[in-house]
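Reviewing the structure listed below.
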Protein chains: 2
Amino acid sequence: MTRVYNFCAGPAAIPESVLQQAQAELLDYQGMGASVMEITHRGPEFMAMAAQAEQDVRDLLNVPDHYRVLFVQGGASLQFSMVPLNLFGVRTLNGKALPAEYINTGVWSEKAIEEAKRFGDVQVIADATPSHWRSIPEPSAWQILPQAAYCHYTPNETIQGLEFGYIPDRGDIPLVADMSSTIFSRPMDVSKFGVIYAGAQKNIGPSGLTLVIVREDLMAKPLTQTPQLLRYQTYAEHDSMFNTPPTFSWYLSGLVFKWLKAQGGLEAMAVINQRKAQKLYQFIDGHDFYTNHVEAAYRSWMNVPFTLADESKEKLFLQESQQAGLLNLKGHRIVGGMRASIYNAVPEAAIDALIAFMQDFAARYA
Amino acid sequence: MTRVYNFCAGPAAIPESVLQQAQAELLDYQGMGASVMEITHRGPEFMAMAAQAEQDVRDLLNVPDHYRVLFVQGGASLQFSMVPLNLFGVRTLNGKALPAEYINTGVWSEKAIEEAKRFGDVQVIADATPSHWRSIPEPSAWQILPQAAYCHYTPNETIQGLEFGYIPDRGDIPLVADMSSTIFSRPMDVSKFGVIYAGAQKNIGPSGLTLVIVREDLMAKPLTQTPQLLRYQTYAEHDSMFNTPPTFSWYLSGLVFKWLKAQGGLEAMAVINQRKAQKLYQFIDGHDFYTNHVEAAYRSWMNVPFTLADESKEKLFLQESQQAGLLNLKGHRIVGGMRASIYNAVPEAAIDALIAFMQDFAARYA
């Protein structure tokens, strides 16, 4: 078997050593004579694994004690509903709900905005659309509100390849971040956030699991109509086992957390990830045949979209790159072109191989 | 490695040949050089697998064309919310919502009832509680309503081991069934139902996936406040890929559907399952040391709870059975005692081994 270099935006690459361990113990978890998929989540073996996974998240991100770490289903898209359902009732003015601030930097922000409108007043305070997603408006230009239920943003837009290089400061207003495509790529200060959420299938593990980190005081007042499983409380009160959790995804994500620690934690990942991204952007910027449209200050470390000078060569580029063992370089259908997603599990050697291929391709077809 | 006989109520046993195939291709799905966990759900390889899984469900259950087969996250517990959110708006009287009928036969019915009350008027029309879950009231004794939004029941109660031997007839009122612990155990007439749902982790595959089969006309009018991902429409319109689905659970469930077909389909499974259950009940009924409290007509094919004449021997029974390679025989904490869950993937040899152990244990300690 030859493993390829996998640039898929999600479900994305998983560290090979993690897959190998999962493979080795797939029919027999810890000598139990059963798969980790076949054992009760309420037994000591699974409970220990689950608790360790939470502890590893806490260690990796240095999560303060007054934050809860939750393991949820439904992906980031379900968080687009859970955030407003849980937060619109927390901060009120004279008993009335406050509007929520949303920053629109691309496709995923837009989806979050559309969904939040079902549950409350949504104000878009900054918008990257007028720049055609080449940059994010500076905070001084934001149409901020005097008070708000919360402020939601998307630190990294997977499709446009647009990233915040900083954590916005909204004072007392709880900051909510969709970190699906950037969590664990570098250290971050959790205490600056009210809620952080991330679908697992980009930088954590298999799809079907969502990691939520929520400040305790923000769980207390879900809107009345909030379904049981859309209340953060429900997960916090039952260690994310109110009902059967997605056990295999939890287990495999736990292996990834261990792998991250073994790599040296997020400080070490940051060094590697920054170097990977810089290498690729440098090559693209230095070559007439390839273009990345995002201004340097807003470029993503994780998702690098690029176009070819000759659009008619796109199909060929994809065919030949796949033959060369470079998988899933097609850009999202909304923006077209190419995209290399270079998450934690994509090794630096994959970037080198990609650059070598791009060099060669351009030499032959430019 | 020695595989045990696994009587877990869920996450439950998975056919060994399915796990072996998953293990063999875990790092390389269909020669792609990547795991099925690492590939895009929008690519031809995953789409083909997903479509085949749906077709196999349709073949196995003979699903009529005007029913949609959906692959959802959140378990049966999320369906406790999705059913009322989607169905309370469909059938109305003079523009007003109708109450919903619920039949209470145990723990899972109760949870469904509690959750439905958030979204509409709930009437419990029959209740197995007064019988201490030994029997289900006959339909002639049900407090039926002249009209209702729907009628919800739990064909098999996993914890109490209580099962309907028939499909209730509520005329035009759409019948909704939580089939988590009984789906695929035997053939059934889907056309008698409005909605069928089942968490995968009992009789299908790994946790984190829920199968929903819904009649098309029941998807059209979700309540206004229904979140996007709690609308059946959202799944139907996007082939269950509005957002990233739980790809590995879907894939593994697909392997189980193929396995079911290879066993001879649900007619063949029904013969085996009935024989397995009869054997165990016969042994229990014929032995003074063991008791099953459910009346014969209401006994579950899938979950067989039993108690020991000498309660003080329970811990020993569990220890010794585990040493004998019989896993997870502990009853649910709510009812105590023992429970053998004998789903599709539990082979007949497991029942024989369990009976031999029970015989031997009683001979030594009765």
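The values are calculated or read from the model by the stated rules, or taken from the named source; none is laboratory data. Note that the structure is a prediction, hence the values are computed from the model and not measured. Neighbour counts run over all protein chains shown; Cβ positions are idealised from the backbone, glycine included.
The table that follows gives values for the structure above.
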read-out: Near pairs, Cβ below 9 angstrom, 6+ apart or cross-chain, from the stretch B:212-238 (within 9 Å of chain A (Cβ to nearest Cβ)) to any residue that is surrounded by fewer than 21 Cβ atoms within 10 Å (Cβ to Cβ) and part of a helix (DSSP H, G or I); value: B:Gln228/A:Lys111; B:Gln228/A:Glu114; B:Gln228/B:Thr234
read-out: Residue among A:Asp310, A:Asp285 that alone is closer than 18 Å to A:Ser135 by Cα, without any contact (Cβ under 8 Å) to a residue 60 or more places away in the chain and surrounded by fewer than 16 Cβ atoms within 10 Å (Cβ to Cβ); value: A:Asp285
read-out: Residue in the stretch B:345-363 that is assigned to a loop (DSSP other than H, G, I, E, B), of a type outside the set (Gly, Ala, Ser) and modelled with pLDDT under 95 present; value: no
read-out: Extreme residue, nearest to A:Arg134 (Cα to Cα), among residues of the stretch A:101-112 that are surrounded by fewer than 21 Cβ atoms within 10 Å (Cβ to Cβ) and touching a residue at least 12 places away in the same chain (Cβ under 8 Å); value: A:Val107
read-out: Candidates A:Ala116, A:Ala76 - the one that is crowded, with 21+ Cβ neighbours inside 10 Å, touching a Phe, Trp or Tyr at 6+ places or on another chain (Cβ under 7 Å), within 11 Å of chain B (Cβ to nearest Cβ) and farther than 30 Å from A:Trp259 by Cα; value: A:Ala116
read-out: Test for A:Ile204: is it crowded, with 22+ Cβ neighbours inside 10 Å, in a loop (DSSP other than H, G, I, E, B) and of a type in the set (A, V, I, L, M, F, W, C); value: yes
read-out: In the stretch A:1-42, the residues that are without any contact (Cβ under 8 Å) to a residue 12 or more places away in the chain and part of a helix (DSSP H, G or I); value: A:Leu19, A:Gln20, A:Gln23, A:Ala24, A:Gly31, A:Glu38
read-out: Residues within the stretch B:191-201 that are surrounded by 18 or more Cβ atoms within 10 Å (Cβ to Cβ) and either more than 9 Å from every other protein chain (Cβ to nearest Cβ) or on the phi > 0 side of the Ramachandran plot (or both), tallied; value: 7
read-out: Some residue of the stretch B:278-291 being more than 14 Å from chain A (Cβ to nearest Cβ), closer than 30 Å to B:Ala366 by Cα and in contact with a Lys or Arg (Cβ under 8 Å, 6 or more places away or on another chain); value: yes
read-out: Test: residue in the stretch A:60-70 that is part of a helix (DSSP H, G or I), touching a strand residue (DSSP E or B) at 6+ places or on another chain (Cβ under 9 Å) and either surrounded by fewer than 17 Cβ atoms within 10 Å (Cβ to Cβ) or within 14 Å of chain B (Cβ to nearest Cβ) (or both); value: no
read-out: Selection within the stretch B:283-304 - in a helix (DSSP H, G or I) and touching a strand residue (DSSP E or B) at 6+ places or on another chain (Cβ under 7 Å); value: B:Ile284, B:Tyr298
read-out: In the stretch B:1-42, the residues that are more than 7 Å from every other protein chain (Cβ to nearest Cβ), of a type in the set (A, V, I, L, M, F, W, C) and within 16 Å of A:Ala22 (Cα to Cα); value: B:Val18, B:Ala24, B:Val36
read-out: Condition met for B:Ala340 (in contact (Cβ under 8 Å) with a residue 60 or more places away in the chain, within 25 Å of B:Trp108 (Cα to Cα) and hydrophobic (A, V, I, L, M, F, W, C)); value: yes
read-out: Pairs where the first residue, in the stretch A:261-273, is among the β-branched types (Val, Ile, Thr) and the second is part of a helix (DSSP H, G or I), C-beta under 9 Å, 6+ apart; value: A:Ile272/A:Glu348
read-out: Residue check, B:Pro84 closer than 21 Å to B:Ile213 by Cα and either assigned to a loop (DSSP other than H, G, I, E, B) or more than 10 Å from chain A (Cβ to nearest Cβ) (or both); value: no
read-out: Qualifying residue in the stretch B:92-100 (condition: at negative phi, surrounded by 21 or more Cβ atoms within 10 Å (Cβ to Cβ) and within 14 Å of another protein chain (Cβ to nearest Cβ)); value: no
read-out: Filter pass, B:Thr307 being of a type in the set (Val, Ile, Thr), assigned to a loop (DSSP other than H, G, I, E, B) and in contact with a Gly (Cβ under 6 Å, 6 or more places away or on another chain); value: no
read-out: Checking A:Arg134 against (1) touching a His at 6+ places or on another chain (Cβ under 8 Å); (2) more than 30 Å from A:Met338 (Cβ to Cβ), the condition it does not meet; value: (2)
read-out: Residue that is in a helix (DSSP H, G or I) and within 20 Å of the chain's Cα centre (by Cα), where the choices are B:Leu266, B:Leu318, B:Leu280; value: B:Leu266
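Quick grid of which residues meet (1) over 24 Å from B:Glu54 (Cα atoms); (2) assigned to a loop (DSSP other than H, G, I, E, B); (3) modelled with pLDDT of 95 or more; (4) not aliphatic (A, V, I, L, M):
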position	(1), (2), (3), (4)
B:Gly89	yes, yes, yes, yes
B:Glu110	yes, no, yes, yes
B:Glu114	yes, no, yes, yes
B:Ile144	yes, yes, yes, no
B:Pro168	yes, yes, yes, yes
B:Ser180	no, yes, yes, yes
B:Ala198	no, no, yes, no
